[in-house]
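*Asks:* Structure in structure tokens, see below.
The values are calculated or read from the model by the stated rules, or taken from the named source; none is laboratory data. These numbers come from a predicted model, not from an experiment. No Cβ is skipped: glycine too gets one built from the backbone with ideal geometry, and neighbour counts run over all protein chains shown. Side chains are part of the model used for accessible areas, which takes the heavy atoms of the whole protein and leaves out ligands, DNA and RNA. Shrake-Rupley method; radii C 1.70, N 1.55, O 1.52, S 1.80 Å.
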Amino acid sequence: MNTEELTETVNALANLVLVQAGQASAFGAVIDALIATLGTSFPPLVAPLLQHLEVLAEMRRENLAEESFEGFDSIIEDIQGNLRILQKNA
């Protein structure tokens, strides 16, 4: 592989990462909107949602590479925090 091919490969990977970051952010916005809608429309469902999230997150975390833990845990903690805010405001 020459320098030009390496540069093309690195640029393609960087673009892929940027596209995936945009997609992940969009999914996050959708999930936040769903949680806010659920929490404000059906407050009794917030507690069970928190419980299910804790169990399912633990199960999914077991299938991740260690390098993914920080990002995964950060998102789960953010969602749990939002759910707790909704619980307090219900």
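*Asks:* If you roll a 1.4 Å probe over the heavy atoms of the protein chains, what accessible area per residue do you get for the chain, in Å²? Let's see the in-between values first.
*Replies:* Details: 7110 Å² over 90 residues.
That works out to 79 Å² per residue.
*Asks:* Let me ask you something else. Taking the chain as the reference, fit the longest principal axis to its C-alpha atoms, fit the long axis of helix 69-89 to the helix C-alpha atoms, and give the angle between the two in degrees, 0 to 90, nearest 10.
*Replies:* Its long axis makes an angle of about 20 degrees.
*Asks:* Moving on to the next point. Let me check against my output: what whole-number percent is the relative contact order of the chain, with C-alpha pairs under 8 Å and at least 6 apart?
*Replies:* Relative contact order, the chain: 38 percent.
*Asks:* Highest first, please rank the peptides 6-16, 43-53 by the mean number of other Cβ atoms sitting within 10 Å of their residues.
*Replies:* Descending packing order for the listed peptides: 43-53, 6-16.
*Asks:* For the range 7-90, count all C-alpha to C-alpha pairs, find those more than 18 Å apart, and express that count as a whole percent of the total. Before the final figure, lay out each step's value.
*Replies:* Working: 1886 of 3486 pairs.
It works out to 54 percent of all Cα pairs.
*Asks:* From the residues 57, 20, 10, which one has its Cα farthest along the dipole of the chain in the positive direction, the dipole being from +1 and -1 charges on Cβ of Lys/Arg and Asp/Glu about the Cα centre?
*Replies:* About the Cα centre, the residue reaching furthest to the positive side is 57.
*Asks:* Would you mind telling me the share, in percent, of accessible area of the chain contributed by carbon and sulfur at probe 1.4 angstrom?
*Replies:* 60 percent
*Asks:* Using only the alpha-carbon atoms, how far is helix 3-41 inclined from the longest principal axis of the chain? Give it as 0 to 90 degrees, nearest 10.
*Replies:* On a 0 to 90 degree scale, this one is about 10.
*Asks:* Along Cα→Cβ, 7 Å out, is where each label goes; now give me the distance between the ones at residue 26 and residue 89 in nm to one decimal.
*Replies:* 2.6 nm
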